[in-house]
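Read the structure below first, then the notes.
The values are calculated or read from the model by the stated rules, or taken from the named source; none is laboratory data. Every value quoted in this text rests on a predicted model; they were computed, and no experiment measured them. Cβ placement follows ideal geometry from the backbone for every residue including glycine, while neighbour counts extend to all protein chains displayed. These accessible areas exclude ligands, DNA and RNA; they are computed on the full protein's heavy atoms, side chains included. Shrake-Rupley method; radii C 1.70, N 1.55, O 1.52, S 1.80 Å.
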Amino acid sequence: MSVNEGASSAKDPRSNLPISIGTELLIEIVNLGLRIKGTLVGLEYGSYVILRISPRDLVGNFRSEDVLGSAIIVRYLFKGSVYGFKTSILNTVSNPARILFTKYPENIEGMNIRTNQRYSCILPVRSILGNETFDGVMVDISMDGGRCVIRRPPGPEMDSLCLAIDANKTAEIKLDLPGVDKPVEVKISVRNISKDNDRVSFGASFEPMAQQDRANLQRFISLITEAGEPA
């Protein structure tokens, strides 16, 4: 997708970037024809953005003189929308991490990819991943899907969780909805995963569910949409 392709909005350059620290990025270095993975680690409003290149991205090995001043395109997913912006590289750092300093973008373009708006929530959830069962919370939800967070201390339990979950796998979750006697059981497809030292977060799309479960979920979402803000 080009930055302009399917764009629904152009942000005023004086506005804040719709992004948060830790957001995963796809960085395209135009003159080298490279696409590398990275993470936002900082920014100075109106001045520069700091991007860390993934240590697992071997393609990201290049000499600083090859990229200084180079045009880049940055794309990322944030709150259900795909964003992109064009900028250029101001400086590079090799140690202790590979860092790119870029100009603060003049324009940001985005395209909403959700069919239903998600809303923030905190719902107990039991995730059945392969032969393992993990308790966690769902932190946002819509009729189409949501995001689950499972926390575990580093060690065997976290290792087991990381082995059990993978993008595009099907799984099952059980949601405890307020006012509903039994958990709502939903089959899901895992869409994306974010892993930290002590937690795993994954986006899930819901498969077709039983009529009563769907009605209970719809009732809960109707309640939170009346009082809540979109996630």
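Side notes on the structure shown:
- Computed accessible area, Thr170, all protein chains, 1.4 angstrom probe, square angstrom: 100
- Working note: Karplus 6.51/-1.76/1.60 with θ = phi - 60° gives segment 138-145 the couplings 9, 9, 8, 7, 9, 6, 8, x Hz, where Gly and Pro are set to x.
- The phi torsions of segment 82-95, fed into the Karplus equation with coefficients 6.51, -1.76 and 1.60 and a -60° offset, translate into couplings of 8, 10, x, 8, 9, 7, 9, 7, 8, 7, 10, 10, 9, 10 Hz, rounded to whole numbers, with Gly and Pro shown as x.
- Placed amide H near Leu129: partners under 5 Å, 5+ positions off or other chain: Phe134
- For Ser54, the residues whose modelled amide H falls within less than 5 Å of its own, excluding neighbours fewer than 5 places apart on the same chain, are Lys37, Gly38, Thr39.
- Amide H contacts under 5 Å for Thr23, placed H, 5+ residues apart: Leu40
- Across every pair of non-identical alpha carbons in segment 113-231, the mean reciprocal distance, once inverted, gives a Kirkwood radius of 14.5 Å.
- Of the accessible area of the chain, computed with a 1.4 Å probe over protein heavy atoms only, carbon and sulfur atoms account for 48 percent.
- Taking θ as phi - 60° and the Karplus parameters 6.51, -1.76 and 1.60, the scalar couplings of segment 29-35 work out to 8, 4, 6, 9, x, 9, 10 Hz in sequence order, x denoting glycine and proline.
- Among Val30, Val200, the order of accessible area from largest down is Val30, Val200, computed with a 1.4 Å probe on protein heavy atoms.
- Relative to the longest principal axis of the Cα atoms of the chain, the long axis of helix 211-227 lies at roughly 60 degrees.
- Taking the square roots of 5 times each eigenvalue of the Cα gyration tensor of the chain, largest first, gives ellipsoid semi-axes of 36, 22, 14 Å.
- Scanning the chain for trypsin sites (Lys or Arg not before Pro) that sit in a DSSP loop and have at most 11 other Cβ atoms within 10 Å, the longest stretch containing none of them is 64-231.
- Per residue value of the accessible surface for the chain (all protein chains in place, 1.4 Å probe), Å²: 55
- Using just its DSSP H runs of length 4 or more, each adding -39500 (n - 2.57), the chain gives a mean residue ellipticity at 222 nm of -4000 deg cm²/dmol after division by all residues.
- Restricting segment 29-64 to chymotrypsin sites (Phe, Trp or Tyr not before Pro) that sit in a DSSP loop and have at most 16 other Cβ atoms within 10 Å of their own Cβ leaves Tyr45, Phe62.
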